[in-house]
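J.: Supplied in structure tokens, the structure appears directly below.
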Amino acid sequence: MAIVVNEETKLVISGLTGREGTFHGLRNRSYGTDVVAGVTPGKGGQDVEGIPVYDKVAEAIAERDANTSMIFVPARFAAAAITEAIDAGVHTVIAITEGIPVYDMLAVYWKARDAGVRLIGPNCPGVLSPGKSNVGIIPAHFFDPGAIGVVSKSGTLTYQIGNELKQAGTGNSSIVGIGGDPIVGSDFIDVLALFEEDDETELIVMVGEIGGDAEERAADFIAEHVSKPVVAYIAGFTAPPGKQMGHAGAIISGSSGTAEAKKEALEARGVRVGRSPTESAQLAVEAMRAIA
Amino acid sequence: MPSGTFTACSGLVVRLRGSSRIGGAVGVRWIGSRDLDLLEYQGKQLFAKHGVPVPDGRYADTVPAAVEAAEEVGYPCVIKAQVRIGKRGKAGGIKIANDSDEARSHAEAILGMEIRGFTVHEVWVERASRIDAEYYTSIILDRSEKKLLVMLSRMGGMDVEEMAETDPSGLIKRHIEPAEEFTAEAARQISIDARIDEDASDQVAELLVKLHDVALAEDATLIEINPLIVTSDRKVVALDSKMTIDNSALYRHEELSELRDRSAEDPQEQMAKEKGLTYVKLGGNIGILGNGAGLCMSTLDVVAQAGGKPANFLDAGGGAKADAIVAALEVITSDENVNAILFNIFGGITRCDEIAKGIIEASERIDLDVPLVVRLDGTNSEEGLRLLAEAELPDLHLEKTMLGAAERVVEIASG
């Protein structure tokens, strides 16, 4: 099973011919991901080390049965590329691109939702299901197959925790980087719901950070809808909050957005929160032993 | 765990808690956010561009220019400090002048004054308004709902947050549905529901529609007007402006990008900005460099837990090359308080050999007279560690784990 990406994933990469797109696209393929096509307008008919390139995502679907799209195009063209992938009919879009304007993402978010397409990111490291498929920039060798699902706002922190889990002899069903932008296609809640349904996942590690209220809303969701144990880590206890501009932000949220508030919200709902990535990994390993 | 454990900013946290959630909000961006907060006058200039009514005003950054501006707009006029912090009036940063002598003495008092850590370099001189009523309005991107939210209240002023809690019916909140246009009718309904004075209601509705235009056209994720006034001749006018512009969209707003370059407050932050680094000064003595915002914040936490005081937040970003590391070390060491530096790198997209090359290059190019604790893990870490070992740099300490490195740097910094 695993979530979001697995053996069934047939990947089309928008921006495959770019420097980063080529590097990571080939890395994904050498991991075993079924990379069926690339898309770069004007470069249809070329190939990147045997991966055929098309002008349009629709052609990649028609010719190569692509079902998942990865977005590696520059920020100012990324929203259009995501929209194209949604319209062409893939079921999942994973957007790695950083720096997409927030109002562009707002339109794309609702477009994906209305079309029933799962959107991960943008500004995220992607999704890895160890032993099955890797879509994005997560260095796969830090993770072994196993029963711990990881969902995270932060890339490098995820590698840090994943590596500690591996060293402790545990592994992962899937690692999902949701990204830390103001508007992301999938929130903690969306991914927690997938892990709850996933047979391979026995425990969930959630990695959050200061800002927004996604962790607090996840805490409420966990209390009501997640039966599997959840361990969390929150970064940013020492980070002073930015300057407050006006009152509007305070009015619309019941949460302070601080790391402390997030930790309290999670602990109040039975989620164990580690003080460091190392402690969170240890808590996860302990919880796995308790399950076994 | 008590917030006091985290020494670097516990004072700040306490202050925020003590002020009834002001600042404690979704609106608070974490320190790495690079979104651009406009000064009042910059926001008002954008208002004017989009037809949102504002009082006649002039910009000044010297006393003579302020007096000249006052003469131009006429008396009585208001001289307003331009700083990115609220409650300027209470701090003495807003004063009314009735003639040129008063304009001069107020400008002298305000220019150069400190308002809660912010030095006033600029003022906005504006024709004084006769005020019949003070309303509150804002448009903000609601991240949870993924929609724009319009708020309007007939009770403007400082206590709007408190009112939102004690008398929620006094504040109308309405989301704009993504698939729908924000029509004049919808705006009129908000105005009516907020019980805006009848003769001002249509003007307010018209202003809401224009604010929505401003938000989308200028990529503003927050616009707040407090107070939005009705003048004695019954005109609706924006007397203040708070606006935040999405950093990612600055490429399509050339004039606004230029403002960003002038917005730094601190010499190190200015230097980092010029080098394209995300750097925030924190006031301690342990310089920190990490890759990725999450790992970098986590490093601050772990150093604080080990009893140390981080001097800064510096995210080298994904895929940092040697040049970026040299630049980062230049910025960190330009802070005189720094007496030890921690590099915490977990390479994913970032290659540890590049980081190592950067450290070696920096040691040749700049005078690195502080001890360096380095933890390299992840992509190409063996190669990176080998390069560092071969370089035999003085006062370089290699650590295998993040916790070990944090403890070591704290020990060195306090020893």
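J.: Collect the residues in segment A:72-97 that are in contact (Cβ under 8 Å) with a residue 40 or more places away in the chain and among the charged types (D, E, K, R), keeping them in residue-number order.
T.: A:84
J.: Next question, about the same structure. Considering only residues of segment B:90-125 that are touching a residue at least 60 places away in the same chain (Cβ under 8 Å) and buried (at least 18 other Cβ atoms within 10 Å of the Cβ), which is farthest from residue B:73 (Cα to Cα)?
T.: Selected residue: B:118.
J.: Could you tell me which residue of segment B:140-167 is surrounded by the fewest Cβ atoms within 10 Å (Cβ to Cβ), considering only residues that are out of contact with any helix residue (DSSP H, G or I) (no Cβ under 7 Å at 6 or more places or on another chain) and under 29 Å from residue A:188 (Cα atoms)? Walk me through it before giving the result.
T.: First, the residues of segment B:140-167 that are out of contact with any helix residue (DSSP H, G or I) (no Cβ under 7 Å at 6 or more places or on another chain): B:143, B:145, B:147, B:154, B:156-160, B:162, B:165-167.
Adding the requirement that they be under 29 Å from residue A:188 (Cα atoms) leaves B:143, B:145, B:147, B:165.
Values: B:143: 24, B:145: 11, B:147: 17, B:165: 13.
For segment B:140-167, the residue satisfying everything is B:145.
J.: Only helices (runs of 4 or more DSSP H) wholly contained in segment B:238-316 count here; list those with 2 or more residues that are in contact with a Gly (Cβ under 9 Å, 6 or more places away or on another chain). Even if it seems obvious, please write down each step before you answer.
T.: Values: elements: B:254-261, B:267-274, B:293-305.
Where helices (runs of 4 or more DSSP H) fall fully within segment B:238-316 and carry at least 2 residues being in contact with a Gly (Cβ under 9 Å, 6 or more places away or on another chain), they are B:293-305.
J.: Ok, one more. Picking from B:349, B:345, B:355, which residue would you name as being within 13 Å of chain A (Cβ to nearest Cβ), aliphatic (A, V, I, L, M), touching a residue at least 12 places away in the same chain (Cβ under 8 Å) and in a loop (DSSP other than H, G, I, E, B)? Can you show your working first?
T.: On the way: B:345 fails: in a loop (DSSP other than H, G, I, E, B); B:355 fails: in a loop (DSSP other than H, G, I, E, B).
Residue meeting the stated conditions: B:349.
J.: Moving to a separate point now. Please go through segment A:96-133 and give me each residue that is assigned to a loop (DSSP other than H, G, I, E, B), over 23 Å from residue B:140 (Cα atoms) and of a type in the set (A, V, I, L, M, F, W, C), ordered by number.
T.: Selection gives A:96, A:117, A:124.
J.: Can you tell me which residues in segment A:214-243 are within 8 Å of another protein chain (Cβ to nearest Cβ) and either of a type in the set (S, T, N, Q) or farther than 17 Å from residue A:191 by Cβ (or both)?
T.: The answer is A:235, A:236, A:237, A:238, A:239, A:240, A:241, A:242, A:243.
J.: Can you tell me which residue in segment A:87-110 is farthest from the other protein chains (Cβ to nearest Cβ), limited to those that are charged (D, E, K, R) and more than 17 Å from the chain's Cα centre (by Cα)? Full working, then the answer.
T.: Here is the first cut: in segment A:87-110, the ones charged (D, E, K, R) are A:87, A:98, A:104.
From the residues that got through so far, the ones that are more than 17 Å from the chain's Cα centre (by Cα) too are A:87, A:104.
Values: A:87: 16, A:104: 8 Å.
Among residues in segment A:87-110 that are charged (D, E, K, R) and more than 17 Å from the chain's Cα centre (by Cα), the one farthest from the other protein chains (Cβ to nearest Cβ) is A:87.
Residues are listed down the side, and each one gets a yes or a no for (1) of a type in the set (S, T, N, Q); (2) in a loop (DSSP other than H, G, I, E, B); (3) under 27 Å from residue B:41 (Cβ atoms):
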position	(1), (2), (3)
B:152	no, no, yes
B:157	no, yes, yes
B:187	no, no, yes
B:192	no, no, no
B:204	no, no, yes
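J.: List the number of the failed condition for residue B:87; all other conditions in (1) touching a strand residue (DSSP E or B) at 6+ places or on another chain (Cβ under 7 Å); (2) within 14 Å of chain A (Cβ to nearest Cβ); (3) under 16 Å from residue B:225 (Cα atoms); (4) surrounded by fewer than 16 Cβ atoms within 10 Å (Cβ to Cβ) hold.
T.: Tallying (1) touching a strand residue (DSSP E or B) at 6+ places or on another chain (Cβ under 7 Å); (2) within 14 Å of chain A (Cβ to nearest Cβ); (3) under 16 Å from residue B:225 (Cα atoms); (4) surrounded by fewer than 16 Cβ atoms within 10 Å (Cβ to Cβ), residue B:87 fails exactly one: (1).
J.: Hey, any hits in segment B:348-359 for a residue that's touching a strand residue (DSSP E or B) at 6+ places or on another chain (Cβ under 7 Å), over 16 Å from residue B:287 (Cβ atoms), assigned by TED's automatic domain parsing to the domain that holds residue B:280 and among the polar types (S, T, N, Q)?
T.: No, segment B:348-359 contains no residue that is touching a strand residue (DSSP E or B) at 6+ places or on another chain (Cβ under 7 Å), over 16 Å from residue B:287 (Cβ atoms), assigned by TED's automatic domain parsing to the domain that holds residue B:280 and among the polar types (S, T, N, Q).
J.: Name the residue, out of A:84, A:20, that is outside any loop (DSSP other than H, G, I, E, B), farther than 22 Å from residue A:111 by Cα, assigned by TED's automatic domain parsing to the domain that holds residue A:114 and more than 18 Å from the chain's Cα centre (by Cα).
T.: Values: A:84 fails: farther than 22 Å from residue A:111 by Cα.
Answer to the selection: A:20.
J.: Residues A:169, A:146: which one is away from every other protein chain (no Cβ under 14 Å) and modelled with pLDDT under 95?
T.: Numbers: A:146 fails: modelled with pLDDT under 95.
None of the other options fit; the residue is A:169.
The values are calculated or read from the model by the stated rules, or taken from the named source; none is laboratory data. In this text, all values refer to a predicted model and were calculated from it rather than measured experimentally. All Cβ positions, even for glycine, are placed from backbone atoms using ideal geometry, and neighbour counts span all protein chains on display.
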